[in-house]
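**Student:** Have a look at the structure that comes next, please.
The numbers here are math on the coordinates, done by the rules we state, and not lab data. Here the structure is a predicted model, which is why all the values come from computation and not from measurement. Cβ atoms come from the backbone with ideal geometry, glycine included; neighbour counts cover every protein chain shown.
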Amino acid sequence: MNQDIKIAQLEKDALAHPAPLYLLMGEEPYYIDVVSSFLEEKILSEEEKAFNQTILYGASTSVQEIADTATRFPMGTDRQLIIVREAQDLDSSIDKLQSYASSPASFTTLVLCYKGKNMDKRKSVYKSFAKNGVIFESPRVYESDIPVFIKDTLEKKGIALTQKAMTMMVESLGTDLSRIASEIEKLTLVLPSGSTLSPEAVEKYIGISRDFNNFEMQKAVATRDAAKAIRIAEYFSTSKDGSPIATVAILFGFFSKMILYHNSPDKSPAGVAKALGVNPFFAKDYQTAAQFYNLKQSVRAIDILRTIDLKAKGVDAGNISVYDIYKEMIFSIMNT
């Protein structure tokens, strides 16, 4: 991913000449944590950190305290490091940091971790950070980016993976990069460099069933394999992994993309990936499903899922069991 290139350059520059200001901002917190952790680890030596590293939190500090701390001389070294975590909590008063940001102390590296949003780029304080420091943006990560992230992160550890293992991880771990990275870190403790991650290893070490999961349910419904869908429903109805609401959400997203697929003029893998906003890795799943569900049937499936979602949440559900909710969903969709 191109973020890796940006981070590598930022880290190289920081090691050579730490900037006085770093603004790490955006909707994706994972990369903000990666950069701030690097700066926290590398800017100062372990001996220097005791007196010259300060960690503040947006909810429990003030802009005035940040400025006062930043203008305090370091002890026994030529630089101090200040990291403000959750700095977005200071958004309403961040303008008051303009005076400091316009002329930052040469002996201080101030890092603002602005998670979940960007600082308003029209603000004078933002412009001062851009002029006198480094701005790192961490935009939202989309579903189509996840396979690449998983593959690249594993490759850095010297581990390859099968297509089925990739699918299991994408379906079960969602778009939470921090969680994905944490699970991959666990895998590196048991899988040696040069090995290949298999579905069996994903099931054993991450706890995702290779046969009974929402991706397999989606695949079964998409190919009208009722027998397989019912087996998964039986498993879900007695397992902590089972949640009709979660399954409905997965299938709702799938059939929504099926509608886009049928309305897309370009049915090539690249065209499908672009129209649906998915990785080309998954384009064939929609090409296959199109043989079983036309546009009208896909629209009807969406209506059915809306009804099932309400029942799963207890609306007009009576005493219907989880298993019966699954059965109604499966057979209603497959009979469209």
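**Student:** Rounded to whole Å, give me the distance from the Cα center of the stretch 320-336 to that of the stretch 264-283.
**Tutor:** With the stretch 320-336 and the stretch 264-283 each reduced to a Cα centre, they are spaced 29 Å.
**Student:** Using only Cα atoms and rounding to the nearest 10 degrees, what angle (0 to 90) does helix 295-312 make with the longest principal axis of the chain?
**Tutor:** 80
**Student:** Only four residue types carry charge here, +1 at the Cβ of Lys and Arg and -1 at the Cβ of Asp and Glu. Report the dipole size of the stretch 214-334 about the Cα centre in Debye, rounded to the nearest 20.
**Tutor:** Working: 15 positive and 11 negative charges, 54 e Å.
Rounded to the nearest 20 debye, it is 260 debye.
**Student:** Using a 10 Å cut-off around each Cβ, can you sort Arg179, Arg231 from fewest to most neighbouring Cβ atoms?
**Tutor:** Numbers: Arg179 13, Arg231 16.
The most exposed by this proxy come first: Arg179, Arg231.
**Student:** Follow-up. Which percent of the Cα-Cα distances in the chain go past 36 Å? Intermediate values should be presented prior to the final figure.
**Tutor:** On the way: 21584 of 56280 pairs.
Of all Cα-Cα pairs in the chain, 38 percent lie more than 36 Å apart.
**Student:** Next question. What net charge do the residues around Ser124 carry, taking every other residue with its C-beta under 12 Å from that of Ser124, with Lys and Arg at +1 and Asp and Glu at -1?
**Tutor:** On the way: positive: Lys96, Lys121, Arg122, Lys123, Lys127, Lys131; negative: Asp95, Asp120.
It works out to a net charge of +4.
**Student:** Using Cβ counts within 10 Å as a stand-in for footprinting exposure, how do Glu65, Glu28 rank, fewest first?
**Tutor:** Working: Glu65 13, Glu28 21.
So the residues, fewest neighbours to most, are Glu65, Glu28.
**Student:** Here is a follow-up. Looking at the chain, what % of its DSSP beta bridges pair antiparallel, to the nearest 5?
**Tutor:** Counting only bridges with both partners in the chain, antiparallel ones make up about 5 percent.
**Student:** I would also like to ask the following. Using only alpha carbon pairs under 8 Å that are at least six residues apart, calculate the relative contact order of the stretch 160-205 and give it in whole percent. Each step should come with its number before you reach the end.
**Tutor:** Details: 25 pairs, mean separation 30.0, N = 46.
This gives 65 percent for the stretch 160-205.
**Student:** By a straight-distance test (C-alpha under 25 Å), which lysines pair with Lys296 as possible cross-link partners, with residues fewer than eight away in the same chain excluded?
**Tutor:** Lys219, Lys228, Lys257, Lys267, Lys274, Lys284, Lys311, Lys327
**Student:** For Asp120, Asp4, Asp316, what's the fewest-to-most ordering of other Cβ within 10 Å of each Cβ? Mind showing how you got there, number by number?
**Tutor:** On the way: Asp120 11, Asp4 14, Asp316 8.
Fewest to most other Cβ atoms nearby, the residues stand as Asp316, Asp120, Asp4.
**Student:** Moving to a separate point now. Can you tell me the order of 167-175, 44-52 when each peptide is scored by its average per-residue count of other Cβ atoms within 10 angstrom, highest first?
**Tutor:** Working: 167-175: 19.8, 44-52: 14.6.
Descending mean neighbour count gives 167-175, 44-52.
**Student:** Still on this structure, please answer the following. Relative to the longest principal Cα axis of the chain, at what angle does helix 29-42 sit, 0 to 90 degrees, rounded to 10?
**Tutor:** 40
**Student:** Working from Cα positions, state the angle (0 to 90°, nearest 10) between the long axis of helix 2-16 and the longest principal axis of the chain.
**Tutor:** With both axes taken from Cα atoms, the answer is about 20 degrees.
**Student:** About the Cα centre, and with charges only on the beta carbon of Lys, Arg (+1) and Asp, Glu (-1), how big is the dipole of the chain? Nearest 20 debye, please.
**Tutor:** Details: 39 positive and 42 negative charges, 192 e Å.
For this selection, approximately 920 debye.
**Student:** In addition: With point charges of +1 on the Cβ of Lys and Arg and -1 on the Cβ of Asp and Glu, referenced to the Cα centre of the chain, which listed residue (Val34, Ser60, His262) lies farthest in the positive direction of the dipole?
**Tutor:** His262
**Student:** Name the most mobile residue of Asn263, Asn279, Asn213, meaning the one with the largest mean-square fluctuation, in a Gaussian network model of the chain with Cα contacts below 10 Å.
**Tutor:** Of the options given, Asn263 has the highest mean-square fluctuation.
**Student:** Pick from Met166, Met75, Met258: which is most flexible by mean-square fluctuation in a GNM of the chain where alpha carbon atoms under 10 Å apart are linked?
**Tutor:** The residue that fluctuates most here is Met75.
**Student:** Further question: Of all DSSP beta bridges in the stretch 1-137, what percent run antiparallel (nearest 5)?
**Tutor:** Working: 1 of 21 bridges.
Bridges in the stretch 1-137 are about 5 percent antiparallel.
**Student:** Shifting gears a bit: Report, ordered by chain and residue number, the lysines lying within cross-link reach of Lys12, taken as a straight Cα distance under 19 Å and ignoring same-chain residues fewer than 8 apart.
**Tutor:** Lys42, Lys156
**Student:** Counting only residues 5 or more places away or on other chains, whose amide H sits under 5 Å from the amide H of Thr77 once H atoms are built in the peptide plane?
**Tutor:** none
**Student:** Thr288 to Ala227: extension gain in nm, 0.36 nm per residue of separation minus the Cα-Cα distance? It would help to have the intermediate numbers written out before the result.
**Tutor:** Working: separation 61, 0.36 × 61 = 21.96 nm, distance 1.84 nm.
Gain in length upon complete extension: 20.1 nm.
**Student:** Here's another thing I want to ask about it. Please state the relative contact order of the stretch 189-278 as a whole percent: Cα pairs under 8 Å, 6+ residues apart? Could you put the intermediate results ahead of the total?
**Tutor:** Details: 43 pairs, mean separation 14.7, N = 90.
After rounding, I find 16 percent.
**Student:** Based only on the alpha carbon positions, what is the Kirkwood hydrodynamic radius of the stretch 1-156, in angstrom?
**Tutor:** By the Kirkwood definition, the hydrodynamic radius is 16.0 Å.
**Student:** Let me ask something else. Given 25 °C and 0.890 mPa s, how large is the Stokes-Einstein diffusion coefficient of the stretch 235-336 in µm²/s, with Rh as the Kirkwood radius over Cα pairs? Let's see the in-between values first.
**Tutor:** Working: Rh = 14.5 Å.
Rounded, D is 169 µm²/s.
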